[in-house]
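Heads up: the structure comes next, in structure tokens.
The values are calculated or read from the model by the stated rules, or taken from the named source; none is laboratory data. Not measured: the values here are computed from a predicted model. Heads up, the Cβs are rebuilt from the backbone with ideal geometry, glycines too, and the neighbour counts pull from every protein chain shown.
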Amino acid sequence: MAYNLRCPCGESITALEDDFVPKVQAHLASEHPGRDYSETEIMMMAMTVPDRAVKD
Ligand SMILES: [Zn+2]
């Protein structure tokens, strides 16, 4: 399972399940200091995507 989140800044974050929350939190920390979302909040905003959508 993989997930995608389209950040309001326009960044599209896609990652496999295990990497997804840390990757979103890393984006928030580097691009949106002060914005801190819990894992639950991130997963509520996320959409599932096929694993092949993940590029590394
Ligand atoms: Zn962003």
Requested in this report: May I ask you to list pairs of residues, at least six apart or on different chains, whose Cβ atoms are under 7 Å apart, with the first in segment 28-56 being free of Cβ contacts under 8 Å to residues at least 12 places away in the same chain and the second being part of a helix (DSSP H, G or I)?
Outcome: 35/28; 36/28
Report task. Scan segment 36-54 and give yes if some residue there is of a type in the set (A, V, I, L, M, F, W, C) and within 11 Å of the ligand (Cβ to nearest atom), otherwise no. Result -> no
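What residue, among those in segment 1-30 that are of a type in the set (Asp, Glu) and assigned to a helix (DSSP H, G or I), is surrounded by the fewest Cβ atoms within 10 Å (Cβ to Cβ)? Lay out the reasoning, then the answer.
Residues of segment 1-30 that are of a type in the set (Asp, Glu), as a first pass: 11, 17-19.
So of that shortlist, the ones also assigned to a helix (DSSP H, G or I) come out as 17-19.
On the way: 17: 13, 18: 10, 19: 16.
Selected residue: 18.
For segment 31-41, give me each residue that is surrounded by 10 or more Cβ atoms within 10 Å (Cβ to Cβ) and in a loop (DSSP other than H, G, I, E, B). I'd like the intermediate steps shown before the answer.
Initially, segment 31-41 is screened for residues surrounded by 10 or more Cβ atoms within 10 Å (Cβ to Cβ), giving 31-32, 35-39, 41.
Selection gives 32, 35, 36, 37, 38.
Is there a residue in segment 7-20 that is among the polar types (S, T, N, Q) and either modelled with pLDDT under 95 or away from the ligand (no atom under 16 Å from the Cβ) (or both)?
Of segment 7-20, the ones among the polar types (S, T, N, Q) are 12, 14.
Those still in the list that are either modelled with pLDDT under 95 or away from the ligand (no atom under 16 Å from the Cβ) (or both) too: none.
There is no residue in segment 7-20 that is among the polar types (S, T, N, Q) and either modelled with pLDDT under 95 or away from the ligand (no atom under 16 Å from the Cβ) (or both).
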Query raised in the report: Does segment 42-52 hold any residues that are loosely packed, with under 12 Cβ neighbours inside 10 Å and under 12 Å from the mean Cα position of the chain (by Cα), and which are they?
Result: 44, 47, 48
